[in-house]
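Structure first, commentary second.
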Amino acid sequence: MRVTTLFGETIREAPNDTEIVSHQLMLRAGFIRQLASGIFSYLPLAQRSLRKIEAILREEMDAIGGQEIAMPVVHPAELWQQTGRWQAIDETMVRFKDRRGHDMLLAMTHEEVVAELARSEIRSYRQLPQMVYQLQTKFRDEPRARGGLIRVREFIMKDSYTLDRDEEGLREQYVRHYDAYHRIGLRAGLSLTAVGSDVGMMGGQEAHEFMFITPIGEDTLAVCPHCGYAANQEVALFRKTPGVQSAPAPLEKVATPGAKTIQDLCACLGIEARQTCKAVFFVAGYGAEKPARLVIALVRGDMDANPILVKNAVQCTDLRSALVEEIAAAGMVAGYASPVGVTDRNVFVLADTQVAEETSLAAGANEEGYHYINVCMGRDFVPEKVTNIALADEGFACVDCGSPLQMKRGVEVGNIFQLGTRYTAAMGATYLGEDGSAKPIVMGSYGIGVGRLLACAAEQHRDERGLALPMSIAPYQVSLISLCRTEEAQIRAEELYRQMLAEEIEVLFDDRKEVSAGVKFADADLRGLPLQMVISERSLTNGGVEWKLRTGTERTMVPLEEAVNEAKTEIERQLQEIRISAANAPRWHAASSAKP
């Protein structure tokens with residue numbers, strides 16, 4: 001490809017409305033252009049990189065037994081109504097009516113369609129296991145699109161689905177995906193960290209996210225540097241310190257004027273935060289099934305309530321923070337609240353396991369300016385449920401080894417879910433087992449974002465001059481820069497370009513005649529192609545062609561007649577390094593402690 005005919009120009013200055021460096025660089029390098037919030041056009045350079053990533057995905061999916069299919073992007077509502085997700089998912093899912101008045105939607109994912117296909121195509125245990133996948137455009141009306149391709153509304157996703165007879169078969173396919181996702185990341189130049197995660201709207205019994213660790217990440221991860229435990233903070237576990245097991249003293253109301261926070265309460269009573277009980281209020285919604293309920297989540301004062309764990313504990317469809325008026329309507333006073341003395345049966349009292357172990361805590365008295373001391377669960381209030389709802393934080397003890405946890409930021413590149421029979425049971429997708437009885441097909445679901453993978457690679461592989469993409473996903477392998485002015489030198493440059501094409505080297509030839517050398521070098525650095533070769537009258541006089549690695553500083557003179565072979569050798573060397581890295585990717589046996 002010649003730069004004179006390349007569609008998409010470089011931009012000298014970073015756009016003002018961008019905050020992430022990789023987003024700025026992909027705009028400046030002429031990779032992407034924004035059409036609307038979270039909606040982008042991919043120009044030829046980005047499209048070539050995306051196609052390379054898709055090729056990696058296809059190779060890895062085929063290697064673990066996948067068969068590529070294509071499913072519709074528009075679905076009838078009936079499928080999603082059968083599984084309950086039509087009602088459960090918020091406005092992130094785009095719903096509309098067709099001209100006949102039928103409810104339709106733009107697909108966010110394809111579990112329902114796969115279950116429908118399984119219902120029509122699978123009859124016997126002899127047809128299982130199966131795995132299908134696709135590469136397709138999805139649309140999710142994200143409320144906060146950000147970071148260029150990091151969080152978008154329209155995107156390309158590889159989504160694969162497994163169909164098995166039983167949980168054992170599902171686990172085998174899950175493990176194969178787990179290993180493949182690590183290889184995919186390394187082949188694209190990224191080391192991904194697998195973390196246990198919440199199953200969310202997908203459902204099922206186990207899930208992992210594959211995270212690119214970076215300060216720009218939206219997710220917080222709890223990671224143990226000692227034993228390797230890793231989980232999204234939403235579901236991370238930690239070791240809790242043993243509770244105080246002394247005999248409970250009588251309940252006593254004490255004045256605590258102005259002590260609306262745990263910090264103020266501790267200062268007022270001269271106690272530590274671990275000696276208090278923190279009340280966090282939510283409203284749990286259950287759709288049309290039953291009325292919403294006020295939830296009072298109780299954790300020890302030195303901890304915070306985890307909204308995801310709270311949502312899972314009360315088994316609601318949506319959860320939001322409660323308003324002061326809603327708290328008051330249940331007979332409690334915000335800032336001085338506790339379940340002690342509360343009789344409203346619509347209040348869901350949820351206690352963390354640590355609260356259950358303590359026998360003497362300070363808690364609100366539901367009266368302005370007063371708290372109780374010596375509060376003891378079981379005697380002074382009885383929760384509807386006791387379970388782990390505390391949020392893991394920096395320095396908390398690892399659940400596996402006890403070492404201090406570290407909190408890191410990450411971008412979710414991919415995820416895998418053990419769905420079980422949630423979708424197939426709801427839609428009647430069964431098979432006849434060896435005993436002749438009908439059994440629900442067991443499903444798994446696995447997604448990875450193509451554009452997000454490219455964006456993370458751009459974030460990882462860059463410097464102050466521009467992108468520096470890995471050989472495996474760079475749009476071209478070589479940036480050939482011509483600084484030739486004389487006709488003879490220009491002919492030599494054209495010959496070298498044609499020789500590279502003949503040898504199937506992917507080369508971007510900067511053949512512009514009216515552009516300075518400085519601009520050409522700046523553009524080459526900005527686009528980030530792995531190998532740069534410069535031909536000019538001076539280089540020809542000195543014996544050939546100057547070449548350097550995009551990530552290096554040293555320029556080497558290569559004889560003109562050896563330039564093509566040198567380029568091929570360097571390209572193969574870099575690709576071989578990537579292959580070796582992928583071959584040594586993390587495998588499932590190291591993942592046991594990553595489960596939530």
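For the reader, a short list of remarks on this structure follows.
- Accessible heavy-atom area order of Thr387, Thr83, highest first, probe of 1.4 Å: Thr387, Thr83
- Size descriptors for region 84-124, from the alpha-carbon set: Rg then Dmax equal 12.9, 39 Å.
- Taking the Cα centre of region 228-309 as origin and assigning +1 to Lys and Arg Cβ atoms and -1 to Asp and Glu Cβ atoms, the resulting dipole is close to 140 debye.
- Gain upon complete extension [Glu537, Ala517; 0.36 nm per residue less C-alpha separation]: 5.9 nm
- Each of Phe7 and Thr343 was given a label point 7 Å from its Cα along the Cα-to-Cβ line. The distance between the two points is 7.4 nm.
- Cα Rg, Dmax (largest Cα-Cα span) when computed across region 64-146, Å: 14.8, 46
- Placing dummy labels 7 Å off each Cα toward the beta-carbon, the span from Arg100 to Glu577 is 5.8 nm.
- For region 156-218, radius of gyration divided by Kirkwood radius, i.e. Rg to Rh on alpha-carbons: 0.99
- The listed peptides 177-183, 141-147, ordered by packing as a protection proxy, come out as 177-183, 141-147 (highest mean of other Cβ atoms within 10 Å first).
- When only Cα pairs below 8 angstrom with a gap of at least 6 residues are kept, the chain shows a relative contact order of 19 percent.
- Listed by chain and number, the aspartates and glutamates whose alpha-carbon sits under 12 Å from that of Lys513, ignoring those within fewer than 8 places in the same chain, are Glu487.
- Of the residues Phe417, Phe396, the one with the largest accessible area comes first in the ranking Phe396, Phe417, computed with a 1.4 Å probe on protein heavy atoms.
- An oblate overall shape is assigned to region 358-494, the ratio a/c of its alpha-carbon gyration tensor axes (a ≥ b ≥ c) being 1.5 or greater and a/b not exceeding b/c.
- Greater than 29 Å apart at Cα, pairs in Lys138/Lys290; Lys408/Lys520; Lys311/Lys408: Lys138/Lys290; Lys408/Lys520
- What you get for the chain, charging only the Cβ of Lys and Arg (+1) and of Asp and Glu (-1), is a dipole of about 400 debye around the Cα centre.
- In nm, spacing of pseudo-spin labels at Asn16 and Glu325 (7 Å Cα→C-beta vector): 4.0 nm
- Relative contact order for region 452-596: 25 percent, from Cα pairs under 8 Å spaced at least 6 residues apart, divided by residue count.
- In terms of its C-alpha gyration tensor, region 1-130 comes out oblate, because a/c is 1.5 or above while a/b does not outweigh b/c.
- Shape call, region 476-547: gyration tensor on alpha carbons, a/c limit 1.5: oblate
- Under 18 Å from Lys240, Cα to Cα: aspartates and glutamates that are on another chain or at least 8 residues apart: Glu272, Asp302, Asp304, Asp352, Glu357, Glu358, Asp393, Glu394, Asp400
- For region 481-596, the pair-distance distribution built from all alpha carbon pairs, in bins 5 Å wide starting at 0, is 2, 10, 18, 21, 18, 9, 5, 5, 4, 3, 3, 2, 1, 0 percent.
- Rolling a 1.4 Å probe across the protein heavy atoms gives the chain an accessible surface of 44 Å² per residue.
The values are calculated or read from the model by the stated rules, or taken from the named source; none is laboratory data. Just so it is clear, the structure is predicted and the values come from calculations on it, not from any experiment. FYI the Cβ positions are ideal-geometry reconstructions off the backbone, even for glycines, and counts take in every protein chain you see. SASA here: full protein model, heavy atoms, side chains in, ligands and nucleic acids out. Shrake-Rupley method; radii C 1.70, N 1.55, O 1.52, S 1.80 Å.
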